[in-house]
Amino acid sequence: MQLPPPSGSASPRRMTTTGTCGKAEATADPEGRERHTSAELLREKEQLKYALESRPVIDMARGVLVAGYACRPEEASEILVTASQRANAKVRDVAEAVTAAAMGRPMSAELQGHLAVAVRTWQAKHEGRPHE
């Protein structure tokens, strides 16, 4: 695929991509800018779509934790991430469980345990610090 030359340039640039074992790789054009393959762009699009769908659930869970533990939103995020790592689960899944529990649906005992440890870890880390 040939791209038009940049203004003031007489030679055209070529966009090149290489693949290894079915994996697409981006290469840089002669001016050093990275070019992406359509497969990479599609993957990035799907990741962004998932992030946009996950954000409201995570924000609601942060709100539940802020209200329940009188912590700041950043600290609530820290609690969610810690519980997520301990449970080996996605942050979104932990957030969904937290919001469901706030609406009266039961949370698994295993996840409750991971969340409790995450809260205790946060509390120990921030003991003696005045709440702002």
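The values are calculated or read from the model by the stated rules, or taken from the named source; none is laboratory data. As the structure is a prediction and not an experimental result, all values here were calculated from the model. Backbone-built Cβ (ideal geometry, glycine too); neighbour counts: all protein chains shown.
For residue 27, the stated conditions do not hold, so it cannot be described as polar (S, T, N, Q), touching an Asp or Glu at 6+ places or on another chain (Cβ under 6 Å) and at pLDDT below 95. What number of residues within the range 63-90 are in a helix (DSSP H, G or I) and either touching a Phe, Trp or Tyr at 6+ places or on another chain (Cβ under 8 Å) or among the aromatic types (Phe, Trp, Tyr) (or both)? Qualifying residue count, the range 63-90: 6.
Does the range 91-129 hold any residues that are over 15 Å from residue 64 (Cα atoms), assigned to a helix (DSSP H, G or I) and either touching a Cys at 6+ places or on another chain (Cβ under 7 Å) or not acidic (Asp, Glu) (or both), and which are they? Result: 109, 111, 113, 114, 117, 120, 121, 122, 123, 124, 125. Scanning the range 49-68 for residues that are among the hydrophobic types (A, V, I, L, M, F, W, C) and modelled with pLDDT under 85 yields a total of 2.
A search for C-beta distances below 7 Å between a residue of the range 59-78 that is farther than 14 Å from residue 99 by Cα and any residue that is assigned to a helix (DSSP H, G or I) and among the charged types (D, E, K, R), counting only pairs 6+ apart in sequence or on different chains, returns 73/62.
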